[in-house]
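J.: This is the structure, below, for whatever I ask next.
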Amino acid sequence: MALNDWTIQEVELIIADYFAMLNDELLNKVYSKTFHRKALSPLLNNRSEGSIEFKHQNISGVLVRQGLPYIRGYKPRFNYQQILEERTLEYISNKRKSLVPKFEFFAENAEVTNAVDFAKIISEAPEKIESVNDPQAVYKRRPIKINYIEREQKNVALGLKGEELIIEYERWRLINEGKDSLASRIEWVSKNDDGAGFDILSKNKNGTDRYIEVKTTKLSKETPFYFSKNEYEFSKEKTESYHLYRLYNFSESPKLFLLNGDFDSFCKKEAIQYKGYF
């Protein structure tokens, strides 16, 4: 073990602390990360605040790889110790009965509590990750088989609310640009045709088409999203006018980043399902 490696006891302590916070977050309970850190710190081997935060982010990375919700304030980082992954999966396995109902609530809940200020909604997109841990390693063991991040994205009520918000945003954007006539021509395509390859047909300032695909999550901006073969191919066909609108932090204070182009140009894709023929 290297000098700065975390001991098994430290790893188990920070995992338990992480899930105590995650439990409150999933149930929309108020909690303090600072309070948790100050209570945890004396139990560790002189770990700095930065080291503790980084380890919390590593746990988020393990959960993302498992398709499970994580603490929004701890950006997923994937360069973690194997022992951290092993003990996190062991914790999930041991606490499965109590965790699953909370993961279900996360995936099914579509409440939005705060009004949105469109003038402040836009944020920077996350950096494109060049490499992460070998995904095959984590797929060998899945204590919870359901991908709750994917299930959240398939939440129809959440998806409709996200698209409705983007319709409102697009109208606001065009009116602000002095294009009231264009604002009245926005079409909510996916409401009547969910196989079009995009959700909303809007307009650019010059009157040209803007094809918008909306992906909504209650988690942070780094959360993986899922797209269909049809959406992927349409983005290739309409590369210059195709836009991904990624809504995140949706239940607390919705934020949005925009990416233009086909999916290959702005994200790394991973094959997670195959079809077999005979």
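The values are calculated or read from the model by the stated rules, or taken from the named source; none is laboratory data. Small disclaimer: the values here were computed from a predicted structure and weren't measured. Note that each Cβ is placed from the backbone with ideal geometry, even for glycine, and that neighbours are counted across all protein chains shown.
J.: Looking at the stretch 26-110, what helices (runs of 4 or more DSSP H) fall wholly within it and have at least 3 residues that are within 15 Å of the chain's Cα centre (by Cα), over 12 Å from residue 15 (Cα atoms) and of a type in the set (A, V, I, L, M)?
T.: Working: elements: 33-40, 49-65, 82-94, 96-108.
In the stretch 26-110, there are no helices (runs of 4 or more DSSP H) which contain 3 or more residues that are within 15 Å of the chain's Cα centre (by Cα), over 12 Å from residue 15 (Cα atoms) and of a type in the set (A, V, I, L, M).
J.: Run down 213, 222 and say which single residue is without any contact (Cβ under 8 Å) to a residue 40 or more places away in the chain, under 24 Å from residue 106 (Cα atoms) and not assigned by TED's automatic domain parsing to the domain that holds residue 60.
T.: On the way: 222 fails: without any contact (Cβ under 8 Å) to a residue 40 or more places away in the chain.
Among 213, 222, only 213 is without any contact (Cβ under 8 Å) to a residue 40 or more places away in the chain, under 24 Å from residue 106 (Cα atoms) and not assigned by TED's automatic domain parsing to the domain that holds residue 60.
J.: Moving on to the next point. Taking residue 72 as the residue in question, decide whether it is basic (Lys, Arg), closer than 19 Å to residue 148 by Cα and in contact (Cβ under 8 Å) with a residue 40 or more places away in the chain.
T.: Yes: the conditions hold for residue 72.
J.: Do you know which residues across the stretch 33-46 are on the phi < 0 side of the Ramachandran plot and without any contact (Cβ under 8 Å) to a residue 40 or more places away in the chain?
T.: Taking the stretch 33-46 and keeping what is on the phi < 0 side of the Ramachandran plot, we get 33-45.
Listed by number, the residues that qualify are 34, 35, 36, 37, 38, 39, 40, 41, 42, 43, 44, 45.
J.: Turning to a different aspect of this structure: Of all residues being surrounded by 18 or more Cβ atoms within 10 Å (Cβ to Cβ) and of a type outside the set (Ser, Thr, Tyr) in the stretch 217-241, which is farthest from the chain's Cα centre (by Cα)? Just the residue, please.
T.: The residue in question is 234.
J.: In addition: Taking residue 275 as the residue in question, decide whether it is part of a loop (DSSP other than H, G, I, E, B) and more than 25 Å from residue 168 (Cβ to Cβ). Break it down stepwise before answering.
T.: Values: part of a loop (DSSP other than H, G, I, E, B): yes; more than 25 Å from residue 168 (Cβ to Cβ): yes.
So residue 275 fits the description; yes.
J.: Looking only at residues in the stretch 197-208 that are crowded, with 16+ Cβ neighbours inside 10 Å and among the charged types (D, E, K, R), which one is farthest from residue 241 (Cα to Cα)?
T.: Result: 199.
J.: Would the stretch 91-98 turn up any residue that is closer than 30 Å to residue 174 by Cα, at pLDDT 95 or above and hydroxyl-bearing (Ser, Thr, Tyr)? Break it down stepwise before answering.
T.: So in the stretch 91-98, the residues closer than 30 Å to residue 174 by Cα come out as none.
Among the residues of the stretch 91-98, not one is closer than 30 Å to residue 174 by Cα, at pLDDT 95 or above and hydroxyl-bearing (Ser, Thr, Tyr), which makes the answer no.
J.: Now a separate question. Just give me the residues in the stretch 168-226 being modelled with pLDDT of 95 or more, within 30 Å of residue 272 (Cα to Cα) and not in a loop (DSSP other than H, G, I, E, B), in sequence order.
T.: 188, 189, 190, 200, 201, 210, 211, 212, 213, 214, 215, 216
J.: Between 158, 165, 174, which is surrounded by 17 or more Cβ atoms within 10 Å (Cβ to Cβ) and free of Cβ contacts under 8 Å to residues at least 60 places away in the same chain?
T.: After ruling out the rest, the residue left standing is 174.
J.: When you check residue 194 against the structure, is it more than 15 Å from the chain's Cα centre (by Cα) and surrounded by fewer than 16 Cβ atoms within 10 Å (Cβ to Cβ), yes or no?
T.: Taking the combined requirement at face value, the residue satisfies it.
J.: Do you know which of the residues in the stretch 72-124 that are polar (S, T, N, Q) and surrounded by fewer than 14 Cβ atoms within 10 Å (Cβ to Cβ) is farthest from residue 154 (Cα to Cα)?
T.: Taking the candidates together, the pick is 82.
J.: Filter the stretch 242-264 down to residues that are of a type in the set (Ser, Thr, Tyr) and modelled with pLDDT under 95 and give me whichever is surrounded by the most Cβ atoms within 10 Å (Cβ to Cβ).
T.: To start, the set of residues in the stretch 242-264 that are of a type in the set (Ser, Thr, Tyr) comprises 242, 245, 248, 251, 253.
Still in the list and also modelled with pLDDT under 95: 251, 253.
On the way: 251: 19, 253: 15.
Selected residue: 251.
J.: Select from the stretch 266-276 the residues that are farther than 15 Å from residue 229 by Cβ and loosely packed, with under 13 Cβ neighbours inside 10 Å and list them in ascending order.
T.: Within the stretch 266-276, 268, 276 meet the criteria.
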